[in-house]
Amino acid sequence: MRHIFFLSFLLLILSGCNKADASAENIVISSVKMPANAENVAYDKSPSPNDAPPPPPPPKVDEKIEQKIIKEATLKFETDNLENSFSQIQKAVANSKARIINDSEGKDFATVFRNLTIKIPSQNFDRFISDISKGVSYFEVKTISAQDVTEQYIDLTSRLKTKKKLEERYLEILKKANKVSEILEIEEQISAIREEIESKEGQLKYLESRVSESTVTIEFYKTIPEKEGVKISYGSKLWSAIESGFYTLSDLLISLLSAWPFVILFVVFAYFIRKRLKRRKKE
């Protein structure tokens with residue numbers, strides 16, 4: 001009986017140990033699964049003030065296109081002294097770093113005039129007009145124009161870039177071409193594209209030159225007064241007409257003398273015809 005009692009006691013002890021191990025294993029598994037919930041909480045939590053701020057987005061670049069303006073002006077005024085006015089214009093030209101490209105002068109019925117064409121850096125255009133206006137009481141003509149060619153400039157620039165890229169593509173194709181016919185055809189296309197590129201470049205340079213330098217045309221004149229304010233009398237006009245007629249008659253006589261061989265021939269010819277007519281009448 002003692003042996004049976006001892007064996008049953010050992011079985012009870014062993015069964016109690018197995019249950020304790022199973023409960024301990026469940027506790028360990030649950031403790032391992034907990035960080036998954038902690039991870040979700042970590043994603044949902046709001047950033048703390050100590051966290052580093054996110055990098056700022058790259059700044060937006062505003063591409064500002066510079067306006068292309070062609071400025072021109074035409075001025076006309078009267079002056080009492082042509083030389084003083086010209087000296088003042090020369091000072092304005094020097095101050096504005098301009099240059100005179102055309103200078104002409106002349107005289108008509110009642111005035112003595114001078115015309116100037118001046119090229120001025122566009123940034124000094126307004127200052128030059130202001131310097132010229134200082135010594136002028138009023139302008140008979142003052143025309144200032146500003147033509148915006150920005151759109152034309154952008155169009156030419158974009159077309160030029162497109163043509164250059166197209167030329168590069170054709171050059172790459174030319175390197176890979178094997179047949180003579182293909183090479184000749186590609187070279188013909190490249191030649192046509194090159195002509196268009198040079199034409200666009202010329203137009204662009206001309207436009208840039210007109211934008212960089214403004215043109216100003218100036219005409220200033222002096223009125224010629226009548227001779228000491230004395231009016232010509234009727235008798236003076238009559239005597240001038242007689243003198244003019246005398247000179248005209250003298251010119252006519254001189255012209256006739258220069259044609260004396262023809263006059264002699266005419267006289268001789270008339271004499272023989274008259275003599276022959278008289279003989280016929282006698283018969």
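Here are the numbers for the structure shown:
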| item | result |
| --- | --- |
| Trypsin sites (Lys or Arg not before Pro) restricted to DSSP loop in region 67-164 with at most 16 other C-beta within 10 Å | 97, 134 |
| Contour minus Cα-Cα distance for residue 82 and residue 133 (0.36 nm per residue) | 16.8 nm |
| Rounded FRET efficiency, nearest 0.05, which uses the C-beta distance separating residue 259 from residue 280 and R0 of 45 Å | 0.90 |
| Apportionment of accessible area to carbon and sulfur, region 133-221, percent (1.4 Å) | 50 percent |
| Förster radius 41 Å - calculated FRET efficiency between residue 144 and residue 247, Cβ distance, rounded to 0.05 | 0.20 |
| Contour minus Cα-Cα distance for residue 176 and residue 215 (0.36 nm per residue) | 8.9 nm |
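The values are calculated or read from the model by the stated rules, or taken from the named source; none is laboratory data. Here the structure is a predicted model, which is why all the values come from computation and not from measurement. Glycine also receives a Cβ, built like all others from the backbone with ideal geometry; neighbour counts cover every protein chain displayed. For accessibility, only protein heavy atoms count, side chains too; no ligands or nucleic acids. Shrake-Rupley method; radii C 1.70, N 1.55, O 1.52, S 1.80 Å.
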